[in-house]
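S.K.: A single structure is presented below for examination.
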Amino acid sequence: MSKKNEYNLEWIKKYSSAEFENEFTYDGINLGAVYSADNTIFKLWSPFADKVIVNLYQSGDINSSDKIESYEMNKSENGVWDYQVNKDLDGVFYTFTTIFGDEKNEFCDPYAKACGVNGKRAMVVNLLDTNPKGWEEDVNPNEKLSYCESIIYELHVRDLSSDDSSGINNKGKFLGLTENGTTVNKEGKIKTGIDHIKDLGVTHIHLLPFYDYGSIDESKEYDSEKYNWGYDPVNYNVPEGSYSTNAFDGKNRIKELKETIASLHKNGISVVMDVVYNHTYDEEFCFNKAVPGYFHRIDENGVFSNGSICGNDTASERSMVSKYIVDSVLYWAREYHIDGFRFDLVGLLDVDTISKIREGLDKIRPNIILYGEGWSLETKLTKENVDLAVQKNVCKLKDFAMFSDDIRDAMKGHVFDEKVKGFISGNTENVDVLKKSIMGMPDWSTSPRDVINYTSCHDNYTLFDKIRLCNEGISFEDAIKQNLVAISIVMLSQGIPLMNAGEEFLRTKTDNEGNFVGDSYISPDYVNSIKWSNLEKEEYKKVYEFYKGIIAFRKAHKLFQLEDFKEIEEKVSFIDYEDDKVVAYKLKDNKEEIIVILNASEENVKITLDEGKYNVFIKEDIAGNDVLCTLEGEVSVAPVSVTVLVKY
């Protein structure tokens with residue numbers, strides 16, 4: 001029954017029927033194990049099971065035959081089975097067994113909040129024991145920021161600390177994000193880790209998946225060759241054990257993650273969790289052991305939908321899958337104080353589920369930011385008339401932003417063709433798309449709040465590698481110039497800027513032969529790690545100072561953080577220039593006037609200024625809130641560079 005061709009296809013058909021949903025949709029918030037010192041109540045949704053058993057174990061290691069007891073559960077309402085154990089089970093491990101005729105399936109609780117090594121057994125947990133000191137007072141340090149005031153830094157937990165030059169003790173661990181005072185060298189002049197990120201000035205760290213995922217063996221010591229981004233979910237509500245200092249201790253990973261979040265908050269940084277509800281690690285996902293074939297989109301022939309290219313699209317349009325996703329997101333927000341969620345391939349999930357998430361989060365903390373990849377992908381829906389959360393449907397969502405491939409590809413060239421150039425390399429084919437994106441107005445958007453602007457992320461080549469791949473033979477210095485123009489476009493456009501960790505000092509990913517690595521999801525640490533020692537080199541340090549400066553400039557000027565199209569149309573306008581390789585625009589309100597000039601040509605260009613004097617804050621490889629010079633009458637902009645002026 002657990003294999004693709006063994007699912008009961010009659011059941012598959014029933015799952016999406018109105019009759020099934022009316023009879024078996026359960027609205028309670030108490031699935032899984034609800035703990036108290038006096039008792040623990042176990043609940044599992046399994047409408048077609050003949051019998052369900054809860055098994056208690058001493059350890060979380062599935063290879064240990066240390067069963068304490070098994071209890072036959074009672075069938076209750078809406079297909080839910082329950083059983084109450086009247087003793088303190090804190091720290092006791094458990095599984096469920098479902099029986100369908102002659103077949104038995106033993107599995108981890110889909111609603112598990114803690115688990116043993118490699119997530120095969122769930123654990124009953126008193127979550128109050130996992131709270132760090134002062135957890136009740138822990139808050140989002142940027143709760144008053146609007147969407148467009150946010151500046152997001154995308155980071156993999158392990159990448160931050162795995163290189164020896166990080167100076168971080170807890171390499172590859174959650175706790176690596178708590179270490180202050182780390183430096184590249186013993187002299188202590190060049191900051192690394194969280195001090196570096198804090199100094200950079202971003203507001204949010206977006207952490208790649210840190211729930212319990214399946215591709216790393218948690219029972220083994222840290223192995224620099226064994227690596228994964230984490231887009232392979234196993235236990236959605238449990239932190240990943242390989243990021244903890246003791247994956248065998250069910251509480252340890254929870255404690256250390258909470259300590260990490262609290263530490264980031266104390267450092268003024270909000271935390272965004274990357275979540276992957278569009279597919280699972282494999283078809284053996286524990287939910288399918290309780291309700292065979294229910295969690296995924298499977299057609300009448302038993303074939304799994306594969307829009308995710310991971311083999312098993314999630315059937316979010318089914319009521320109990322939708323409930324599971326909503327419950328999971330709200331749990332992370334409540335229990336772990338998560339400040340935002342980034343949804344992987346959200347275009348495979350339905351609009352109603354995302355709307356329920358937004359509604360639920362607004363009751364917890366309305367400032368929680370939501371965004372995702374709204375790409376349109378082929379998927380086999382189990383119901384008709386279902387709207388998916390793709391870019392064109394952003395108008396049907398509240399406060400949910402989408403990654404903009406418009407600005408990404410117009411700026412640097414097509415992401416899936418390494419040789420195609422973009423605006424920064426002198427290709428003006430999509431300059432009109434770029435201009436719309438600068439205004440925060442790609443064709444699918446309804447507001448700049450809908451738009452995540454970025455040059456690169458964990459997927460595909462880094463920005464600096466893409467520049468060198470599509471400009472064969474380009475010098476290191478000229479590649480840097482294009483890099484600075486690219487980040488200028490992101491930071492000086494309307495919308496929400498996002499950057500990939502290490503991009504601020506020319507992050508590159510190469511193998512042992514010197515070949516650029518695009519999708520490095522299973523590449524070892526030497527490819528993925530952030531090379532902090534590069535900051536000791538003057539050219540890299542100068543790029544970092546530019547990033548830091550342009551972030552500070554954006555934060556200092558509200559004209560880059562406008563919230564609606566009407567306001568943008570009133571305050572932002574383009575300046576005509578005969579060469580499409582030059583994009584110039586003016587931002588003006590009753591307080592100030594800013595001129596941005598992006599020159600992607602190989603020539604020096606001159607632009608006539610309106611009457612008055614202008615202070616220059618950004619020029620070539622220098623950016624910030626210090627006046628570099630004062631001009632009037634005309635401004636000269638160097639080849640492949642950006643100049644920004646403010647009238648006074």
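S.K.: Is any residue of the range 234-258 close enough, with backbone N under 13 Å, to a label point placed 7 angstrom from the Cα of residue 219 along the Cα-Cβ axis, and if so, which?
M.R.: 248
S.K.: Once fully extended, how much extra length lies between residue 64 and residue 282, figured as 0.36 nm per residue of separation less the alpha-carbon to alpha-carbon distance?
M.R.: Extra length from residue 64 to residue 282 when fully extended: 76.1 nm.
S.K.: Where the centre of each part is set by its Cα atoms, how far does the range 318-382 sit from the range 503-553, in angstrom?
M.R.: 31 Å
S.K.: Can you give the FRET efficiency to the nearest 0.05 for residue 303 and residue 575, using r as the Cβ-Cβ distance and R₀ = 41 Å?
M.R.: Between residue 303 and residue 575 the formula returns 0.15.
S.K.: Is there a quick way to get the dipole size of the chain? I mean about its Cα centre, with the Cβ of Lys and Arg at +1 and of Asp and Glu at -1; what is the value in debye to the nearest 20?
M.R.: 1020 debye
S.K.: Could you tell me which helices of the chain pass both thresholds, a Cα extent of 18 Å or more along their own axis and a mean Kyte-Doolittle hydropathy of at least 0.0, with helices taken as whole DSSP H runs?
M.R.: In the chain, the long hydrophobic H runs are 319-336, 476-491.
S.K.: Can you check what the net charge comes to around residue 520, using other residues whose Cβ is under 10 Å from the Cβ of residue 520 (Lys, Arg +1; Asp, Glu -1)?
M.R.: Here the charged neighbours net out to -3.
S.K.: Okay, next question. Highest first, please rank the peptides 467-478, 362-373 by the mean number of other Cβ atoms sitting within 10 Å of their residues.
M.R.: Per-residue mean Cβ counts within 10 Å order the peptides as 362-373, 467-478.
S.K.: Work out the charge dipole of the range 572-647 with +1 on the Cβ of Lys and Arg and -1 on the Cβ of Asp and Glu about the Cα centre, then indicate which of 590, 618, 635 is farthest towards its positive end.
M.R.: 590
S.K.: Take the range 572-647, compute every pairwise Cα distance, and split them into 10 Å bins from 0; I just need the percent in each bin.
M.R.: It works out to 20, 57, 22, 1, in whole percents.
S.K.: Then there's this: Distance between Cα centroids, the range 11-25 to the range 157-204: provide it in whole Å.
M.R.: Measuring centre to centre over Cα atoms gives 51 Å.
S.K.: If you don't mind, another one. Please work out the C-alpha center-to-center distance from the range 454-497 to the range 391-418 and express it in whole Å.
M.R.: One Cα centre to the other: 16 Å.
S.K.: So, one more: Based only on Cα atoms, what mean projected area does the convex hull of the range 1-144 have, in nm²?
M.R.: Average projection, Cα convex hull of the range 1-144: 12.4 nm².
S.K.: A further question on this structure: Which percentage, to the nearest 5, of the DSSP beta bridges contained in the chain is antiparallel?
M.R.: In the chain, DSSP labels about 75 percent of beta bridges as antiparallel.
S.K.: Among the listed pairs 380/419; 435/619; 266/481, which have their C-alpha atoms separated by more than 27 angstrom in this model?
M.R.: 380/419; 266/481
S.K.: Hey, if you put +1 on the Cβ of every Lys and Arg and -1 on every Asp and Glu Cβ in the range 4-125, which of 93, 52, 18 ends up farthest toward the positive end of that dipole?
M.R.: Value computed over the given set: 93.
S.K.: How big is the convex hull of the Cα atoms of the range 72-181, per residue, in Å³?
M.R.: 247 Å³
S.K.: Ranked highest first by the average count of other Cβ atoms within 10 Å around their residues, in what order do 601-609, 230-238, 576-584, 292-300 fall?
M.R.: 230-238, 292-300, 576-584, 601-609
No value in this document is a laboratory result; all are computed from the given coordinates. Quantities reported herein were computed from a predicted structural model and do not represent experimental measurements. For neighbour counting, all protein chains shown are included, and Cβ atoms are generated from backbone atoms with ideal geometry for every residue, glycine included.
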